[in-house]
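Asker: Okay, handing you the structure first.
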Amino acid sequence: MAMKVKEIEYGAPAKQILAIPDHYVALGFKHAKADANTPGLATLVDGRYVVKAGTIYPANDATAIGVVLNDYDVTDGDAMMAIVIHGFIKTAALPAVPSANAISAMKQITFNPLISIGLALTGTKAAITVGATADPDPVVFKLANATFRDGAETLTNWTITGENDTKVKVTKIEVAADKQTVTFTLDQTATAVAGNVTVIPSASIISTGKTLAAAVAIATVA
């Protein structure tokens, strides 16, 4: 008879989502066993269904009541989870940015940082001469005091303006391993016309859940 063994490593360091670890209140809620048809809040990690620490419970919307404290494996059966209903949470440690409705609903939870002080995207923009037809070199910018989340390489997660006016188009965005350095590949679609190409990332792809105060010029035609 085959014996099924589930190994649990006690004392292993857990992902820390608490900004102040000794000041929080958590209540127990059960999550049902997950599978491909009914994953619930779990995601598939190395063949196991895991509810990740920082997941908004029970959903990332106006029904939210708290934040999952630790990772919980629900592959083999139900699991009781500790849900933080009062405390200070590190936004950058969460698997997804809490929605505005979820934040409003969880009135006893404070997400840090309260304000993204010094959040900036800096670099040397492309300087293009009016009438130019050759593709500009890629430009590199770096995000300060935050990191990019998954999805930062998707063009639709950025608001890009000035492409039609200048005839300079952003065709590709690459994020470096440091999650802060980003490279914009530019394409000259027609003869260059005076103006600026600006970008601003969606708050959902920034670790703090906030975005820049203003768009940043990555190319200027003059």
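Asker: What number goes with the only condition from (1) surrounded by 15 or more Cβ atoms within 10 Å (Cβ to Cβ); (2) closer than 23 Å to Ala213 by Cβ; (3) touching a Gly at 6+ places or on another chain (Cβ under 7 Å) that Lys125 does not pass?
Answerer: (3)
Asker: Let me ask something else. Only one of Val221, Val130, Val197, Val168 is of a type in the set (Val, Ile, Thr) and either closer than 30 Å to Gly54 by Cα or surrounded by fewer than 19 Cβ atoms within 10 Å (Cβ to Cβ) (or both); which? If you could, list the steps in order and put the result at the bottom.
Answerer: Working: Val221 fails: either closer than 30 Å to Gly54 by Cα or surrounded by fewer than 19 Cβ atoms within 10 Å (Cβ to Cβ) (or both); Val197 fails: either closer than 30 Å to Gly54 by Cα or surrounded by fewer than 19 Cβ atoms within 10 Å (Cβ to Cβ) (or both); Val168 fails: either closer than 30 Å to Gly54 by Cα or surrounded by fewer than 19 Cβ atoms within 10 Å (Cβ to Cβ) (or both).
The match here is Val130.
Asker: Consider Asn60 against the criteria (1) under 16 Å from the mean Cα position of the chain (by Cα); (2) part of a loop (DSSP other than H, G, I, E, B); (3) modelled with pLDDT under 90: it satisfies all of them except one. Which criterion is unmet?
Answerer: (3)
Asker: Condition first: within 16 Å of Ala42 (Cα to Cα), of a type in the set (Gly, Ala, Ser) and part of a loop (DSSP other than H, G, I, E, B). Now tell me which residues in the stretch 65-100 satisfy that.
Answerer: Gly77, Ala96 - these are the residues of the stretch 65-100 that are within 16 Å of Ala42 (Cα to Cα), of a type in the set (Gly, Ala, Ser) and part of a loop (DSSP other than H, G, I, E, B).
Asker: Out of the residues in the stretch 32-53 that are at pLDDT 95 or above, in contact with a Ser or Thr (Cβ under 9 Å, 6 or more places away or on another chain) and among the small types (Gly, Ala, Ser), which is surrounded by the most Cβ atoms within 10 Å (Cβ to Cβ)?
Answerer: Here the answer is Ala34.
Asker: Where the second residue is not charged (D, E, K, R) and the first is on the phi > 0 side of the Ramachandran plot and lies in the stretch 162-174, which pairs have Cβ atoms under 6 Å and are six or more apart or on separate chains?
Answerer: Sorted first by the residue in the stretch 162-174, then by its partner, the pairs are Gly162/Gly195; Gly162/Asn196; Gly162/Val197; Gly162/Thr198; Lys167/Thr189; Lys167/Ala190; Lys167/Ala192; Lys167/Val193.
Asker: Additional query: Starting from residues that are more than 15 Å from the chain's Cα centre (by Cα) and not in a strand (DSSP E or B), keep the ones in the stretch 153-165 and report whichever is surrounded by the most Cβ atoms within 10 Å (Cβ to Cβ). Lay out the reasoning, then the answer.
Answerer: Step one: of the stretch 153-165, the residues more than 15 Å from the chain's Cα centre (by Cα) are 159-165.
From what's left, not in a strand (DSSP E or B): 162-165.
Values: Gly162: 22, Glu163: 18, Asn164: 13, Asp165: 13.
Per the criteria, the residue is Gly162.
Asker: Let me ask something additional. Picking from Asp135, Asp178, Asp150, Asp187, which residue would you name as being within 30 Å of Phe111 (Cβ to Cβ), over 13 Å from the mean Cα position of the chain (by Cα) and surrounded by fewer than 18 Cβ atoms within 10 Å (Cβ to Cβ)?
Answerer: Details: Asp135 fails: within 30 Å of Phe111 (Cβ to Cβ); Asp150 fails: over 13 Å from the mean Cα position of the chain (by Cα); Asp187 fails: within 30 Å of Phe111 (Cβ to Cβ).
Among Asp135, Asp178, Asp150, Asp187, only Asp178 is within 30 Å of Phe111 (Cβ to Cβ), over 13 Å from the mean Cα position of the chain (by Cα) and surrounded by fewer than 18 Cβ atoms within 10 Å (Cβ to Cβ).
Asker: Then there is this: Going by the conditions given, is Val170 of a type outside the set (S, T, N, Q), at pLDDT 95 or above and more than 22 Å from Ala92 (Cα to Cα)?
Answerer: Values: of a type outside the set (S, T, N, Q): yes; at pLDDT 95 or above: yes; more than 22 Å from Ala92 (Cα to Cα): yes.
It is true that Val170 is of a type outside the set (S, T, N, Q), at pLDDT 95 or above and more than 22 Å from Ala92 (Cα to Cα).
The values are calculated or read from the model by the stated rules, or taken from the named source; none is laboratory data. Computed from a predicted model, the values in this text were never measured in an experiment. Positions of Cβ are backbone-derived with ideal geometry, glycine not excepted, and every protein chain shown enters the neighbour counts.
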